[in-house]
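Trainee: My questions will all concern the structure given below.
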Amino acid sequence: MSANAGSWLSAHGKLWFDDRWYRLAWIVWPQALGLLLVTLWLYPPSAQGFIPWAKPLTEAPKNQPATPVKEPAVPPLAQPPLDVMTPCKSGQPADIIAGCTALLASGNLKGSNIPDAYWWRGWGYYLSKQYQLAMSDYDRAITIAPGNAVYYNDRGIVWTALGNNERAMQDLDQAILLKPDLVDAYINRGIALNNLKRTNEALVAFSRAIELDGTRWLAYQNRAELNDQRSNWRAVFDDGTKLIELAPNYQMGYEYRGHAYFESGQYQAAIADFSKAISLDPNAIFNYRVRGRAYYFLNQFDDAMKDFEAALRIDANDGPTISYLNDLKRQRRK
């Protein structure tokens, strides 16, 4: 060993024991250098596909065509979460009841899903005309979530079905108090008011529903019925026309407008609307009866007879049709 080598080793030994930074450098740097050499050997900078850090890839590597990134057909984040309430919302009333009952018994429902399950099951009971069971479920839903306007609206429907319109009014008023723009509550309130013979108030309720949402055909139908009872034929015509616009495959719009035409003496127009109504619902006796009467006033007695006979095939004891038929027979004998 040379003197220089011995001197260097002596100095190295002294620094190794006396200077911890010197000692750390000797441990770390050889490892870092080795790692760098291995990395350069495995991934030389000239290799295709190497992307320097912090530098975006602006073009395809040489000799490789540019290919746009293809998104998945349905991005994972765009997939709606599985609705735990689905068993409550589909199928026939019996399916809804069974699905909601299973969910409630599972103990897996949380938060607003619990009162919603009672609400949905109540609707299933209502549709199957099990009104007391429906009422019980709506009571539970309201007890859990007393601020939900829809629960009160639907319980009001059950009260109406049970013939307790006064009690229905309390629930419907509460629904409107909680949610002043709840259109269904105004429609159902109008129905309850009409049942209570409070016709003017019922008209106001239906009109308010239409103000809030002019596309709700049920509001037009109910208002047309009230105006029909009041012989307000212009209003019946307007609501019937709007009902036809909103529900062109529903016979009631043609029936109301046809009746307005008939009462205004426009018999051909009435026949056209009643004919359309009959094509949509061939079992509605009113349309045959009044169309037959329109034919009668136009002296088209054979057509009138056919309609009266069709009406009596639906109901052989229909009083108005029997009266019109007897009138037709007397007219023919003259």
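Trainee: What is the extension gain from Ile114 to Ala161, computed as 0.36 nm multiplied by their sequence separation minus the C-alpha to C-alpha distance, in nm to one decimal?
Mentor: 14.4 nm
Trainee: Pull out the extension gain between Val84 and Phe301, defined as 0.36 nm times the separation in residues minus the alpha carbon to alpha carbon distance; nm, one decimal.
Mentor: That works out to 71.9 nm of additional length.
Trainee: So what are the ³J(HN,Hα) numbers for the range 192-201, from phi and the Karplus equation (6.51, -1.76, 1.60; θ = phi - 60°), rounded to whole Hz, Gly and Pro as x?
Mentor: 3J(HN,Hα) across the range 192-201, in whole Hz: 5, 5, 5, 4, 8, 6, 9, 5, 4, 5.
Trainee: Additional query: Determine the gain in length on full extension of the stretch Leu212-Asp173; use 0.36 nm per residue of separation and subtract their C-alpha separation, reporting nm with one decimal.
Mentor: The Leu212-Asp173 span can extend by a further 12.4 nm.
Trainee: Next up: Read phi for every residue in the range 320-334 and hand back ³J(HN,Hα) as whole Hz from Karplus 6.51 cos²θ - 1.76 cosθ + 1.60, θ = phi - 60°, with x for Gly and Pro.
Mentor: Each residue of the range 320-334 in turn: x, 5, 4, 5, 5, 5, 5, 5, 5, 5, 5, 5, 5, 7, 6 Hz.
Trainee: Now, a different point. For the range 265-334, what class follows from the C-alpha gyration tensor (a ≥ b ≥ c being the square roots of its eigenvalues): rounded when a/c is under 1.5, otherwise prolate if a/b is larger than b/c, else oblate?
Mentor: In terms of gyration-tensor shape, oblate.
Trainee: Name the shape class, rounded, prolate or oblate, that the alpha-carbon gyration tensor gives for the range 221-300, where a ≥ b ≥ c are the square roots of its eigenvalues, rounded holds for a/c under 1.5, and otherwise prolate holds if a/b is larger than b/c and oblate otherwise.
Mentor: Here the range 221-300 falls in the oblate category.
Trainee: Provide the net charge surrounding Lys89, with neighbours chosen by a C-beta distance below 14 Å and charges set as Lys +1, Arg +1, Asp -1, Glu -1.
Mentor: Combined, the nearby Lys, Arg, Asp and Glu give -2.
Trainee: Among Glu255, Glu211, what is the fewest-to-most ranking by other Cβ atoms within 10 Å?
Mentor: Exposure proxy ranking, most exposed first: Glu211, Glu255.
Here, each number is a calculation from the coordinates, and none is a lab measurement. The structure displayed is predicted, hence computed values, not measured ones. Note: ideal-geometry Cβ built from the backbone for every residue, glycine included; neighbour counts use all protein chains shown.
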